[in-house]
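Step one of this worksheet: look at the structure below.
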Amino acid sequence: MSSLPGTQPTTPDKASTYPASPLQQRILPKITDSAVFLFLALSLCLPSGYSVGALLLVMAGAVTLAAHRTTLLAAAPARLRLYAIVLVIMGCVWASDMLWREPFTARDMDRPIKYALVLLAMPAIVVGLKSTRPLQWGVWVGAWGAAVTAAWQVHVWDWDRAWGYTNAIPFGQVSLLLGIWSWAWARQAQSAAHRLFGWSAALAGIYACLASETRGAWLMLPLLVVLVLWLQPKQQPVHAQRQDTATWHHTTKKMWAVSLVLSLTVFASLWPSMQTRLAEVHTEWSAYQHQNNAATSVGQRLAHWKLAWNMGWDKPGLGWGQKAYETRKRQLVESGDAPQIVLDFGHAHHEWLDIWAKKGLLGVVALALFFAVPLVCYATAIRQSAQPSATATGQADAHTMAVCGLVMVIGYLGFGMTQVVFAHNSTSMVYLFMNLIWLAPLAAHSQHPKVDRG
């Protein structure tokens, strides 16, 4: 895998923004590469595995910022500055609880601190990441780590479903993303062995998702597969250009055939439990509609959605805030206007309705920006990757990173329809840091004068 195009300064006045000391020239970039790899590789196979890479990134970012605090802002690409702005906005929305609705507690600062840490890690990614190799191998190893964890929990420990080290729902969601990302990187792998490992990692990630029995992720699986197929690179990868076209297509067909057989095998082995989980949806939906039974997975979601929608209209401007939201829920349960089960959860199991109830219209707008800014950046990068580039490899890298970022944002939009993904530490950390990790190399690529037309 080649170095990222555009990572070196294109004008003399930007040269001073890059590290000059041996520590910053050689050690910090290696730490950054290691952090990116570890963030992905350990994300699901260890308790809070993503924290290892995140901590390294924050430390490297702090050192870089201390050395170049006066020049980094000017050198940061526009896409990263936009992402930084929405991070600040969203962090302030979460921090608002301690400002006007609730007495300050340390817990109120949990989410804002995460957003501040991403900002602190940003200089390390901007200056240090020079290759896509940590991304590629981190995704593949992470997908395999999720599969091994799922298989161990289901087949050795005999758990009812794969829970990972967080919760079954975020475990399934992140596993799905790792599987889809692995597929995207496998399409441009440099050797047959790497392509095979990438394809197997894609199947491994999807297996972990299926084993988690996370129905919200299952619903997104076909959509994300179609999205990646639709965003197939316009030209053959570099390794395909070096081979005979007929040989390349023959090898690709064999890999598809093997992947299909393995996929059907995995699907067949998990189908009984999947069938049961899917049948429960209709049963629980009917029980809520006809008997007002909210004491089920589907029923409590429907009850939460109705409750959050109505509560949002009571305070549509700024919302209730977390503690007032919980207090008001308790009052509604005591008065018989809401079922008892809603007290078992601190959120509404729907990203948009939850923030509508807690933060009002202000929160809804902030959340929309939080999704829209990265989404537009990735869509723009996909369009730009079809234009002439310095190298075919760099063009393929940019396309793959943009596709992975787009898959993540759309995946999170879908996941949020049945779960509050930002209420879980694992899914929050993945979205926050992976947007940074996908966007920074893309921003560097777009600085190449043949690509950046804006």
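Data for the structure
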| read-out | value |
| --- | --- |
| Restricting the range 323-339 to residues that are assigned to a helix (DSSP H, G or I) and free of Cβ contacts under 8 Å to residues at least 24 places away in the same chain, the residue that is farthest from the chain's Cα centre (by Cα) | 334 |
| Residue count for the range 194-205, restricted to those that are crowded, with 23+ Cβ neighbours inside 10 Å and of a type outside the set (A, V, I, L, M) | 2 |
| Selection from the range 328-377 of residues that are at pLDDT 95 or above and among the aromatic types (Phe, Trp, Tyr) | 352, 356, 370, 371 |
| Condition check for residue 278: modelled with pLDDT of 90 or more, hydrophobic (A, V, I, L, M, F, W, C) and within 30 Å of residue 303 (Cβ to Cβ) | no |
| Residue that is modelled with pLDDT under 90 and within 22 Å of residue 425 (Cβ to Cβ), where the choices are 166, 245, 214 | 166 |
| Pair list, Cβ < 8 Å and 6+ apart or interchain, from the range 310-322 residues that are closer than 10 Å to residue 97 by Cβ to residues that are among the polar types (S, T, N, Q) | 321/96 |
| Residue in the range 373-382 that is surrounded by fewer than 23 Cβ atoms within 10 Å (Cβ to Cβ), in contact with a His (Cβ under 8 Å, 6 or more places away or on another chain) and either of a type in the set (D, E, K, R) or in contact (Cβ under 8 Å) with a residue 24 or more places away in the chain (or both) present | yes |
| Matching residues in the range 142-161 - criterion: being β-branched (Val, Ile, Thr) and within 14 Å of residue 46 (Cβ to Cβ) | 148, 149 |
| Filtered residues of the range 119-133 (kept if assigned to a helix (DSSP H, G or I) and surrounded by fewer than 24 Cβ atoms within 10 Å (Cβ to Cβ)) | 119, 120, 133 |
| Residue that is surrounded by fewer than 20 Cβ atoms within 10 Å (Cβ to Cβ), at pLDDT 85 or above, of a type in the set (S, T, N, Q) and touching a helix residue (DSSP H, G or I) at 6+ places or on another chain (Cβ under 8 Å), where the choices are 51, 43 | 51 |
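This table checks each residue for (1) surrounded by fewer than 24 Cβ atoms within 10 Å (Cβ to Cβ); (2) more than 19 Å from residue 227 (Cα to Cα); (3) in contact with a strand residue (DSSP E or B) (Cβ under 9 Å, 6 or more places away or on another chain); (4) charged (D, E, K, R).
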| position | (1), (2), (3), (4) |
| --- | --- |
| 159 | yes, yes, no, no |
| 167 | yes, yes, no, no |
| 170 | no, yes, no, no |
| 173 | no, no, no, no |
| 183 | no, no, no, no |
| 192 | yes, yes, no, no |
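The values are calculated or read from the model by the stated rules, or taken from the named source; none is laboratory data. Note that the structure is a prediction, hence the values are computed from the model and not measured. Here the Cβ is made from the backbone with ideal geometry for all residues, glycine too, and neighbour counts use every protein chain on show.
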